Amino acid sequence: MRVRQFLLGLAAIGMLGLPASFAGAQGGTADRLYVMDCGHNAATDQSRWSPGVNVGKPIELSDNCYLIKHGAQWLLWDTGYPDALADKPATGPAGTATRAKKLTAQLAEIGVKPADVAFVAISHTHGDHVGNVDLFPTSMLLMQKAEFDFAFAAGKNAPFKAERPIRKLEGDLDVFGDGSVTIVSTPGHTPGHQSLLVHLPKTGWLVLSGDAAHFKDNWDNKRVASMNTSADQTMASYKRISDVMADKKAQLWINHDLPQSQTQKHSPQFYD
């Protein structure tokens, strides 16, 4: 009977599109999460991310990184725009990118050195998410194999140095083995895009969605950004994230949604 109930439980999770690993130790929690300011984009045309909607209308986009403490270990989710932008902003086709604070300075403010960070996990390899990966040469980099192959394809400029510790994933990963921090494969924006499910003791469950959606309006209307590599994968990932949120009663934190970011506590404050 117990075996049958266990198998039925796994089947139910499968119906929700969640990884079977979520059926394991779900009681684990990370200790705290810091929201770090990793840049800002004064974008000139919102329709780049919402085709046919608000054409030519400017939009201000946040760019956050998230530092997670789990026991004696630290995990950094995304690294934002390069710290060099704090000294010299950059203007390109999408808008003007700036950094008010360097990531290294924000880490130092809470007593963390790059060498202290055991894991760096990246949602994907666009420059506003991997600009500081090389500041963490000894950290284990967690990314999808499909994303590595996409970013380091022949003829492309490498987004960071490949000669470093890298774990190339092929699907989901329970990072600490206790269900507290889980990488969830959500391709579509890029071939190996991934999101992060985090469980905190007081705050509860959070989905850090990377660029699965760029702002709330796109999430609400399930729009596909113009630069996404697969509309079908994007829509499947929208459903997968929705299923995870429903199962865990999780909050959705959208990285580039400035109004949401402005309501959040930023480092050195933290969520626990």
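The values are calculated or read from the model by the stated rules, or taken from the named source; none is laboratory data. Note that this is a predicted model, so its numbers are computed, not measured. Ideal geometry is used to build each Cβ from the backbone, glycine not excepted, and the neighbour counts take in all protein chains shown.
For Thr79, only one of the following conditions fails: (1) farther than 20 Å from Val207 by Cα; (2) without any contact (Cβ under 8 Å) to a residue 60 or more places away in the chain. What is its number?
Here Thr79 clears every test but (1).
I'd like the full set of residues that are within 12 Å of Ser195 (Cβ to Cβ) and not in a loop (DSSP other than H, G, I, E, B), limited to region 244-272.
Val244, Met245, Leu252, Trp253
Filter region 213-230 down to residues that are hydrophobic (A, V, I, L, M, F, W, C) and free of Cβ contacts under 8 Å to residues at least 60 places away in the same chain, then give me how many there are.
Of the residues in that region, 2 qualify.
Hey, does region 138-156 have a residue that's of a type in the set (Ser, Thr, Tyr) and part of a helix (DSSP H, G or I)?
Checked against the condition, which is being of a type in the set (Ser, Thr, Tyr) and part of a helix (DSSP H, G or I), region 138-156 yields no hits at all.
Tell me which residues, restricted to region 215-228, are surrounded by fewer than 16 Cβ atoms within 10 Å (Cβ to Cβ) and part of a loop (DSSP other than H, G, I, E, B).
Result: Lys222, Ser226, Met227.
Sort through Pro201, Pro259 and tell me the only one that's out of contact with any helix residue (DSSP H, G or I) (no Cβ under 7 Å at 6 or more places or on another chain), of a type outside the set (Phe, Trp, Tyr) and within 21 Å of Phe176 (Cα to Cα).
None of the other options fit; the residue is Pro201.
Here is a list: Thr98, Thr91. Which entry is free of Cβ contacts under 8 Å to residues at least 24 places away in the same chain, over 20 Å from Val207 (Cβ atoms) and polar (S, T, N, Q)?
Thr91
Of a type outside the set (Ser, Thr, Tyr), surrounded by 18 or more Cβ atoms within 10 Å (Cβ to Cβ) and not in a helix (DSSP H, G or I), is that true of Leu107?
So Leu107 fails the test.
Looking only at region 117-165, which residues are over 16 Å from Asp78 (Cα atoms) and in contact with a helix residue (DSSP H, G or I) (Cβ under 9 Å, 6 or more places away or on another chain)?
Correct list: Lys156, Ala158, Ala162, Arg164.
I'd like the residue in region 80-104 that is at pLDDT below 95 and part of a loop (DSSP other than H, G, I, E, B) and, out of all such residues, is surrounded by the fewest Cβ atoms within 10 Å (Cβ to Cβ).
For region 80-104, the residue satisfying everything is Pro93.
For Pro165, which of the numbered conditions (1) under 19 Å from Asp128 (Cβ atoms); (2) surrounded by fewer than 17 Cβ atoms within 10 Å (Cβ to Cβ); (3) without any contact (Cβ under 8 Å) to a residue 60 or more places away in the chain; (4) not β-branched (Val, Ile, Thr) fails to hold?
(1)
Name the residues in region 175-214 that are small (Gly, Ala, Ser), assigned to a strand (DSSP E or B) and either buried (at least 22 other Cβ atoms within 10 Å of the Cβ) or at pLDDT below 95 (or both), would you?
Ser195 - this is the single residue of region 175-214 that is small (Gly, Ala, Ser), assigned to a strand (DSSP E or B) and either buried (at least 22 other Cβ atoms within 10 Å of the Cβ) or at pLDDT below 95 (or both).
May I ask you to list the residues in region 114-126 that are more than 13 Å from the chain's Cα centre (by Cα) and either free of Cβ contacts under 8 Å to residues at least 24 places away in the same chain or not in a strand (DSSP E or B) (or both)?
Those that are more than 13 Å from the chain's Cα centre (by Cα) and either free of Cβ contacts under 8 Å to residues at least 24 places away in the same chain or not in a strand (DSSP E or B) (or both): Pro114, Ala115, Asp116.
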